[in-house]
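Working notes for the structure below.
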Protein chains: 2
Amino acid sequence: MSTDTGPRGRRSGGAEGRRSARLHAVAEKVPFITRTMTPLEVLSAEGLELIEHNAETILEQVGIDFRDPDALATLKAAGADVDGERVRFPRGMARSLVQATAPGEFVQHARNPANDVRIGGDATVFAPAYGSPFVRDLEGGRRYGTIEDFRNFVKLAYLSPYLHHSGGTVCEPVDLPVNKRHLDMVDAHMRLSDKPFMGSVTHPDRARDTVEMARVLFGADRLERDCVLLSLINANSPLVWDATMLGAARVYAEANQALLMTPFILAGAMSPTTVAGTTTQTLAEALAGMAYVQLVRPGAPVVFGSFASSMSMQSGAPTFGTPEPALVLYVLAACARRLGVPFRSGGALTASKVPDAQAAYESANTMQPTLLGGVHFVLHTAGWLEGGLTMGYEKFVLDADQAGAWHAFARGVDLSPNGQALDAIMSNGPGQHYLGSAHTLANFETAFYRSSVADNNSFEQWELEGSRDAAARASAAWRRMLAGYEPPPIDEAVDEELREWVQRRKASFPDSNV
Amino acid sequence: MSTDTGPRGRRSGGAEGRRSARLHAVAEKVPFITRTMTPLEVLSAEGLELIEHNAETILEQVGIDFRDPDALATLKAAGADVDGERVRFPRGMARSLVQATAPGEFVQHARNPANDVRIGGDATVFAPAYGSPFVRDLEGGRRYGTIEDFRNFVKLAYLSPYLHHSGGTVCEPVDLPVNKRHLDMVDAHMRLSDKPFMGSVTHPDRARDTVEMARVLFGADRLERDCVLLSLINANSPLVWDATMLGAARVYAEANQALLMTPFILAGAMSPTTVAGTTTQTLAEALAGMAYVQLVRPGAPVVFGSFASSMSMQSGAPTFGTPEPALVLYVLAACARRLGVPFRSGGALTASKVPDAQAAYESANTMQPTLLGGVHFVLHTAGWLEGGLTMGYEKFVLDADQAGAWHAFARGVDLSPNGQALDAIMSNGPGQHYLGSAHTLANFETAFYRSSVADNNSFEQWELEGSRDAAARASAAWRRMLAGYEPPPIDEAVDEELREWVQRRKASFPDSNV
C-alpha cells in the first residue's frame, strides 16, 4: 500500500535492546487480550444495588418459566417455588447458588495449548459472529450460507491473529440437512482451526454429539478435568427458558463444559424500553439460568450473557450501535463483576446491509463499551451485518482489524523509562523533528498499531491505486488470506477416529430439515 | 425511510404525564451536552503525577521557544529564564500562573442566548471540523473549498440540533484573497448562524478584525464582560510557539476572549512515538502557552488543547482513530482536570478519503474517548476526512448524527420509577411481549436515539429503495437540509453596521494571497 520511506529501526544492545525485544513480544500474537484499565462504570454502587434488588423482586414475585420437566424438578428440589412451569426464587436464592459454586474465571482449552483462552478477570476473548443464515461478499452479494462459507469463516478466524476463538455457527450451512449440519460444523472447527470453539445447541442430541466429538478430539477423560467447549444458551425473553435450550445446557453442564446463559433482548419488544428495566430483566433471567446450571453440575463454568439491542419505534426493526444498549452493557458488566462470574456481551453489531459507514459507526459504538466495560467473552467480534442475518466477508476483515487495535489499546500506557521518553525530549530540543531520533528509531516498529486495511496514503496515491474504499480493500484481503490458508497439523489417529465417528453418526439416522 | 407500523404513544396525566413531559424536554435541542458519568481514567494518580513531573522537568531544563519579542519580554518580567528565544520556567511556575487566574470553566456567548455554551466542568460542546482546503461531496467529488462551501457548512451546523457551535475555518474559501477571506468567514458565522463561533488566527491583524466585528455584533463594551470569541492557537511542536500564533493569541487575550492553546502533534515526528512521551511534551507546551495568556490578561478564558495523531511508520503519513492517540486523549483530559482548566481534543478524525467504513471506524474510535474522557470543547466533530485536508458533506451529516447519539448516551441511566420499569415487568409476565404495554406506549417516543441516516429496514425494503449505503443517504440529507435553510433573524441596524464595517475594511488594503 505504501513504500518504505519512513524511519527504519536499528536494534541497540543493553537495556534498550531488551526493551525493544519486550515491545516485540507484546506486539506478537497473544491468545487473548489482557486489559490493564479499570472498567468504565456508568452507575454508582447504589444504582447497581437497586437493579439487583429489582431483579430479585422479579425472581421472587413474578418468577421465570422453565419449559422443561427436568429443570422444574431440579429447581423444586433445590427449594424454588414451582407452580406449573413458573419458578419463583426466594430472594437471594439464585444469586447464592451461582456464587456458591460457579467459577469466577476459567480456561477454555484449545487443541493447540498456545490458543487456550482465559474467560473472566482482566481477560477479553474475541470470537467471530454467530448464527447468520446469509453471507455476503462484495462481488457475490447476499446469498444463503453454505458449508463452504462456514469453512471459509473458520479459516479466516484461524488466520486472524486478533480473533482468539473459532466461534460456533459462524454462518448457517443451509445446504446441509438441519439435523446433521452440526456434525460438519463441529468437524470444521476441530479440523480447520486449532483455536477453541463452541458446541451445537439446537437440540440436546446435537449437544451430545458435540460432546462425543470433543471426547474423540481431546480424549474421553479430559472433559471431566478441563473446559474444551463453550456453548450459547439463549433465554426466550421475557422471563422464559425453553426446553431446547435447557436440554442442550443440561448436556453440556453434565459434561462439565461451559455455557453462555444469555437473555437475547430487543428492548421495547422483549423488555421495557428503558435501560434500567432491560438490565433488571436480563439480570433476573440470567441469574435463574445460571442457578439452574449450577444445580445440574455445581462448578460447571457459566458465563453471564447479555445480548440487548434497541428498536426503531417507527418500524419495529432492531437497531444497533445506539447509545441505550451501550448503557445496558456497561450496567450488566458491572452486575456480573459484582456477582463474580464472567460476562459475555458486545460485538461489532450493526443493522446495515453492507460494510459502509453505518456498519462501522454502529460496530465501533458497541465494541467500545465491550472493551471499556470489561466484557470477557465477545461473540460477534467480526463479520456481523444486517442485525445478524448476514455474515459479511469484507465486514469480517474490517472488524478483525479493529480487534487488533484493541490489543494495543488494552495494554494501556507504558510508563517505563522508554515509555516516558524524557531523555528523548530533553535531547531533541525545540523545533527539531523526531523522525531520526534514537528513541524513534528504537521504537518505531511497534510504536503504533498498524491497520491492515486502513488507507493512510495521500489522496493522489489513493486515487492512483484505484480510489478503493475500505470494503474494496477488505475484499482483496480475505481472498488473499484464504488463498494462503494451510490447515493446522492434526494427529493422524485422532483425525481418522473423528472422521469415522462423524460418518457413523451421519449414517445412523435419516436426513431431515427440522 | 419507514412506515409507522410501530407502537404509537398516548399521553397520560398525573405522574406519568409529567414524566413523559420531562422525557420530551430532555430529548429536545440542548445548547451543549451535560455529561452524567465520571470520565474514564487510564492512568492512576501516580502515573499522572509522573507525567506532570516530567513536563515540569522539560519546562525547567529544556524550555520552550517563544518566537515573539513581546512574549519574551512578558515572560522574562514574570520571572522566567529567557535566553534568546528560549524560555525556561522554574519548576511549577507555569502551572501556578495558570491555576492562579485561568477560569475553571466559562460561558461562550452566542448572539442567540439560547445557544450560549458552557466550556468546562461536565459540559461538552461540539463544533464542526476546521481548516480543510478541500471539500468533497458524493456527486462533485473532491475540489478546493469556496466561500459558497464555507457558507453551506455554516448553514449545516446551524441546522444540526447536535452541533452546538458554528466553528471557525469550516473549510478554506480558497476563491477569496488570503488576506481578506477571514472577513467573509467571520461575517458568515455572524449572519448565517446564531451559534457561537471562532475567530481568525492567521495574522494578528485578522484577529483584530475579528474582535472589531464582534464589537459591532455584540456591542463594544460586551467583550470586556463576556467571552464571545473562542480561537484556536496551535503550538509549533516540539516546544515552539511562533510569532503569528502568539500575536493572534495576544490580541484575543487582551480583549478578554477565549483561546484554545493547542499543541498539534503527529507523534513520531513532532514528539516521541510513545503515549507517555507525547502527553508529557503536550502538557509542557500547553502549560507554557496558557501561562503566557494569563500573563497577557489574567483571567482571560483559556483551554488546554491537544491534537495528537499517530503516524504510519511505513509511509510517514498521519493515522487516525488508532489506539495510541486515544490513550493520549484520556491521559491529557485527566491532566487538564488536575490543572483545573477546560480541555479541547478529539473529534471525528480519519485518514480516509471517503465516508466509508474506515472513516466511520476511525471517527468513532476518537469520538468515544472524546466523550468518555470528558473533553469540553470538540473541534472536528463533523465533516473531517483525509487527515483534515478535506471537509466532506456526507461525512458531516453522518458525524452530526453520531453527535446526536452522544446526547442520549451522556444522559446516562434513568433510575426514576419509570426508568426502573419494575411495574412494567411485574405486570407483563413471562412470554408476553412489551410492544403494547402501557409502559412502552408511554415511553416509546423518546426511548431510543433515532438516527436520521441509519437504515434499519429489512434487506428487502432497503433493496427496494435502491440499496443505498450510508454515504448515499447522507448525500440526500444535506441537500434536503440546505434546501430548507432559513437564516436566523438579525437586528437590522447591526446587520447594516456589520456590512459597512466589512466593506470599509476590505477597501482599506489591497488583495493579497499571502
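The values are calculated or read from the model by the stated rules, or taken from the named source; none is laboratory data. The structure presented is a predicted model; accordingly, all values stated were derived computationally and were not measured. Methodologically, a virtual Cβ is constructed for each residue, glycine included, from the backbone with ideal geometry; neighbour enumeration extends over all protein chains shown. Each accessible area value is taken on the protein alone, full model and side chains, heavy atoms only, with ligands, DNA and RNA left out. Shrake-Rupley method; radii C 1.70, N 1.55, O 1.52, S 1.80 Å.
Net charge in the neighbourhood of A:Lys155 (other residues with Cβ under 15 Å of its Cβ; Lys, Arg +1, Asp, Glu -1) is -2. In terms of the mean number of neighbouring beta-carbon atoms within 10 Å, the peptides B:269-282, B:101-114 order highest first as B:269-282, B:101-114.
The helix-based estimate of mean residue ellipticity at 222 nm for chain A, built from -39,500 (n - 2.57) per DSSP H run of four or more residues and divided by its residue count, is -14000 deg cm²/dmol to the nearest 500.
Plugging the Kirkwood radius over Cα pairs into Stokes-Einstein for the stretch A:337-382, at a temperature of 4 °C and a viscosity of 1.567 mPa s, what D comes out in µm²/s?
Numbers: Rh = 11.1 Å.
The estimated diffusion coefficient comes to 117 µm²/s.
Taking the label point 7 Å along Cα→Cβ, B:Glu224 and its counterparts in the other copies are spaced 9.0 nm apart, in ascending order.
Relative contact order of the stretch B:78-178: 22 percent, from C-alpha pairs under 8 Å at least 6 residues apart in sequence. Averaged over the residues of B:343-356, the number of partner chain Cβ atoms lying within 10 Å of the residue Cβ comes to 4. Each 5 Å bin from zero holds the following percent of Cα-Cα pairs in the stretch A:304-451: 2, 9, 16, 16, 14, 11, 9, 8, 7, 5, 2, 1, 0.
Taking N as the residue count of chain B, its C-alpha radius of gyration divided by 2.2 N^0.38 Å amounts to 1.01.
Bridgeable lysines around A:Lys353 (alpha carbons under 18 Å apart, same-chain partners fewer than 8 residues away excluded): A:Lys395. Among the protein heavy atoms of chain B, carbon and sulfur supply 52% of the accessible surface, probe 1.4 Å, non-protein parts ignored. If you add up the charges near B:Ala220, with Lys and Arg at +1 and Asp and Glu at -1, over every other residue whose beta carbon is less than 13 angstrom from its beta carbon, what do you get? It works out to a net charge of -2. Sorted shortest first, the separations between the B:Thr34 label point and its copies elsewhere in the assembly read 4.3 nm; each point sits 7 Å from Cα along the Cα-to-Cβ line. The heavy atoms of B:Val251 present about 20 square angstrom of accessible area, all protein chains included, probe 1.4 Å. The A and B chains share an interface that buries close to 9600 Å² of accessible area, total over both sides, probe 1.4 Å.
Note on the stretch B:224-382: Rg/Rh from Cα positions, Kirkwood definition for Rh, rounded to two decimals, is 0.98.
Pairwise Cα distances in the stretch B:111-251 exceed 24 Å in 32 percent of cases. Projecting 7 Å from Cα along the Cα-to-Cβ direction, the label point of A:Gly429 sits 8.3 nm from its equivalents in the other copies, listed shortest first.
Using the Stokes-Einstein relation with a Kirkwood hydrodynamic radius computed over Cα pairs, the translational diffusion coefficient of the stretch A:454-514 at 25 °C and a viscosity of 0.890 mPa s comes to 150 µm²/s. With a 10 Å cut-off around each Cβ of B:364-372, the average count of Cβ atoms from other chains is 5. Bridge orientation summary for the stretch A:177-326: considering DSSP beta bridges with both residues in this region, about 10 percent are antiparallel.
Work out the P(r) tail for the stretch A:169-286: percent of alpha carbon pairs separated by more than 19 Å, whole number. Cα-Cα pairs in the stretch A:169-286 separated by more than 19 Å: 51 percent.
Along each principal axis, taking the top coordinate minus the bottom one, the Cα set of the stretch B:254-330 gives 45, 20, 18 Å in descending order. Each peptide in A:456-462, B:155-161, A:495-501, A:324-330 gets a packing score, the mean of other Cβ atoms within 10 Å over its residues, and the list from highest to lowest is A:324-330, B:155-161, A:456-462, A:495-501.
Using every pair of separate Cα atoms, the Kirkwood estimate puts the hydrodynamic radius of the stretch A:51-122 at 14.3 angstrom. For the protein assembly as shown, the convex hull drawn through the C-alpha positions has a volume of 166 cubic angstrom per residue. Each peptide in B:52-61, A:333-342 receives the mean, over its residues, of other Cβ atoms within 10 Å, and ordering these scores from highest gives A:333-342, B:52-61.
Where the centroid of each part is defined by its Cα atoms, how far is the stretch A:389-420 from the stretch A:423-482 in Å? Cα centres, the stretch A:389-420 to the stretch A:423-482: 15 Å. Below 10 angstrom from the Cβ of A:Tyr361, what's the summed charge of the other residues (Lys, Arg +1; Asp, Glu -1)? With Lys, Arg at +1 and Asp, Glu at -1, the net is -4.
Per residue, how much accessible area does the protein assembly as shown show when a 1.4 Å probe rolls over the protein heavy atoms, in square angstrom?
On the way: 33800 Å² over 1028 residues.
With the other protein chains kept in place, the protein assembly as shown gives 33 Å² per residue.
Across peptide B:459-470, the average count of Cβ atoms from other chains found within 10 Å of a residue's Cβ is 4. Shown for the stretch B:388-514 is the translational diffusion coefficient from the Stokes-Einstein equation, using the Kirkwood radius over Cα pairs, a temperature of 20 °C and a viscosity of 1.002 mPa s: 105 µm²/s.
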